[in-house]
Amino acid sequence: MGNAIAVMLGGVFGACSRYGLGLLVPTNEGFPVITLLINLSGSMFLAWFFTASSQRIAIHPRLKLAIGTGFTGAFTTFSSFSLETITLIQHDRIFLALLYVLLSMSGGIACAVVGARVASRKERQTEQVKGEM
């Protein structure tokens, strides 16, 4: 039960954060920039968070669920990505739809790689500093 509550609480904050950013940068029938940025930053953060928390940061398992699964899962959104892609296609913006899919997929993977590498690099730097002492 505690794990479910942790995910739920994290999800509340993630969903509210996503909604708030959506209000700051409203999406029209043009290119869905805010969803792209949210999903790319979420991909980078999630990879960084799980790499760092498995290598060098001690985090309680429930907090890890709240932040990783709850917050980041609710903050990023595949359903919005899918709907916005279909909307672009329905408005005969095929090139923008393809660009959006390409940037979302390749960018998400690239951001995840960067996030994991940044977390791993900090781990190596920490080990080097400890070794020099």
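The values are calculated or read from the model by the stated rules, or taken from the named source; none is laboratory data. Given the structure is predicted, the values throughout are model-derived calculations rather than measurements. Don't worry about glycine lacking a Cβ; one is built from the backbone with ideal geometry, like all the others, and counts go over all protein chains shown. Just so you know, the surface numbers come from the protein's heavy atoms only, side chains and all, with ligands and any DNA or RNA stripped out. Shrake-Rupley method; radii C 1.70, N 1.55, O 1.52, S 1.80 Å.
For the range 45-92, give the percent of accessible area contributed by carbon and sulfur heavy atoms, probe 1.4 Å, rounded to a whole number.
On the way: 1810 of 2730 Å².
Exposed carbon and sulfur together represent 66 percent of the surface.
Specify whether the C-alpha gyration tensor of the chain places it in the rounded, prolate or oblate class, a ≥ b ≥ c being the square roots of the eigenvalues: rounded for a/c under 1.5, otherwise prolate if a/b is larger than b/c and oblate if not.
Oblate is the answer for the chain, as a/c is 1.5 or above yet b/c matches or exceeds a/b.
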If each DSSP helix of 4+ residues adds -39,500 (n - 2.57) and the sum is divided by the residues in the chain, what number results at 222 nm, nearest 500 deg cm²/dmol?
-27000 deg cm²/dmol
By Kyte-Doolittle mean hydropathy of at least 1.0 and Cα axial length of at least 30 Å, which whole DSSP H helices of the chain are selected?
2-24, 33-55
When you count, for each residue, the other Cβ atoms within 10 Å and take the mean per peptide, how do 32-40, 58-66 rank with the highest first?
32-40, 58-66
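What does the accessible area per residue of the range 14-124 come to in Å², with a 1.4 Å probe and no ligands, DNA or RNA counted?
Numbers: 6410 Å² over 111 residues.
In whole numbers, the range 14-124 has 58 Å² accessible per residue.
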What distance in nm separates the simple spin-label points at ALA4 and LEU37, each placed 7 Å from Cα in the Cβ direction?
3.7 nm
Using Cα-Cα distances under 8 Å and only pairs 6 or more residues apart, what relative contact order does the chain have, in percent?
40 percent
Using the Cα centre of the chain as origin and beta-carbon charges of +1 (Lys, Arg) and -1 (Asp, Glu), tell me which of SER17, PHE75, SER54 is placed farthest towards the positive end of the dipole.
SER54
What residue among VAL114, VAL25, VAL101 shows peak mean-square fluctuation when the chain is described by a Gaussian network model with Cα springs under 10 Å?
VAL25
